[in-house]
1. Among the candidates Gly16, Gly89, which residue alone is within 16 Å of the ligand (Cβ to nearest atom) and small (Gly, Ala, Ser)?
2. Which condition number in (1) hydroxyl-bearing (Ser, Thr, Tyr); (2) within 13 Å of the ligand (Cβ to nearest atom); (3) open to solvent by less than 30 Å² (accessible area, probe 1.4 Å) is the one that Thr118 fails?
3. Give me the pairs: first residue in the stretch 239-258 and of a type in the set (Ser, Thr, Tyr), second residue modelled with pLDDT of 95 or more and part of a strand (DSSP E or B), beta-carbon distance under 6 Å, and six or more apart or on different chains, which are they?
4. Scan the stretch 95-110 and tell me whether some residue there is within 20 Å of Ser45 (Cα to Cα), within 16 Å of the ligand (Cβ to nearest atom) and modelled with pLDDT of 95 or more.
5. Taking the stretch 126-145 as the search range and keeping residues that are surrounded by 19 or more Cβ atoms within 10 Å (Cβ to Cβ), within 14 Å of the ligand (Cβ to nearest atom) and not basic (Lys, Arg), which one is farthest from Met216 (Cα to Cα)?
6. Search the stretch 51-69 for residues being aromatic (Phe, Trp, Tyr) and within 13 Å of the ligand (Cβ to nearest atom), and hand back the single one that is farthest from Phe182 (Cα to Cα).
7. State whether the residues of the stretch 146-155 include one that is of a type in the set (Phe, Trp, Tyr) and open to solvent by 20 Å² or more (accessible area, probe 1.4 Å).
8. Go through (1) farther than 21 Å from Phe182 by Cα; (2) at pLDDT 95 or above; (3) surrounded by 20 or more Cβ atoms within 10 Å (Cβ to Cβ); (4) not hydrophobic (A, V, I, L, M, F, W, C) for Asp81 and report which single condition fails.
Amino acid sequence: MPVTSDVDRPETAPDGPALPVNELFASLQGEGKLAGVPSTFVRTSGCNLRCWFCDSYHTSWEPTHAWLSVAGVVSEVHARDPSHVVLTGGEPTIHDESFELLRRLGDEYHLTVETNGTVVPPADVPIDLASVSPKLASSTPTPERAPDGADAGDWAERHEAARVGVDALATLVDRYDSQLKFVVTGRDDVAEVVDLVERVRAAASVPVPDTGVLLMPEGRTREQLAGTRTTVAELAAEYGFRYTPRIHVDLWNDAPET
Ligand code: SF4
């Protein structure tokens, strides 16, 4: 099973700049402040991290995609009803074409970008909600902790070196309406959340309220969520942070395009 750090680029794009798109579909936003809002999801392929629990394996550990022109993606979005668009991944900000897509959609749609917070977009890119999910130490893959059949290779070191950049996080918080959404595997993660939030607060120019810090239980299936969500909800209540469910998992388990 390949472990690919980058997605291959086509030599030519017949219809202008292109994005590697893993999925494009309309559903309900499952997580965060806008949970439940009908949205069109554009899921790009490729990620600069390798979380062992990645819930979009075919955008990170084994990138799978079709190359769609930015114009083609805009047409696909127009063909669907939601007024909200969620650009997600993988890590959409590693592709310059993602920024062009956002520019083209910005006048018509509410735009959420789901990002791991390691890349800062150009200042002119319109984003209505930066849904920033900094990755905790518990996300780092090891030979013993990698998706089934995957070879972690040197990703433990690469992931650990890249997973948090406080300056990038502070810039995202300063520039956009945002949420800091942490995937929490258990009680041991919370000290790192508290420390990182304090570091971002110290670096940012705007307040980062506790209600903008979301704890989300790790779990790609209903069964896995059942093992984490009560603990994570109790931690949110204990620390004054906000709990976010994963309603798409509750509703549709791990089905694609949900
Ligand atoms: S940052 Fe997100 S897309 Fe990338 S490996 Fe982690 S969970 Fe998957």
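1. The conditions single out Gly89.
2. Of the numbered conditions (1) hydroxyl-bearing (Ser, Thr, Tyr); (2) within 13 Å of the ligand (Cβ to nearest atom); (3) open to solvent by less than 30 Å² (accessible area, probe 1.4 Å), the odd one out for Thr118 is (3).
3. Tyr243/Leu215; Thr244/Leu214; Thr244/Met216; Thr258/Ser27
4. yes
5. Pro141
6. Trp61
7. No: the stretch 146-155 contains no residue that is of a type in the set (Phe, Trp, Tyr) and open to solvent by 20 Å² or more (accessible area, probe 1.4 Å).
8. With (1) farther than 21 Å from Phe182 by Cα; (2) at pLDDT 95 or above; (3) surrounded by 20 or more Cβ atoms within 10 Å (Cβ to Cβ); (4) not hydrophobic (A, V, I, L, M, F, W, C) applied to Asp81, the lone miss is (3).
The values are calculated or read from the model by the stated rules, or taken from the named source; none is laboratory data. Keep in mind that this is a model prediction, so the values were computed, not measured. Here the Cβ is made from the backbone with ideal geometry for all residues, glycine too, and neighbour counts use every protein chain on show. Just so you know, the surface numbers come from the protein's heavy atoms only, side chains and all, with ligands and any DNA or RNA stripped out. Shrake-Rupley method; radii C 1.70, N 1.55, O 1.52, S 1.80 Å.
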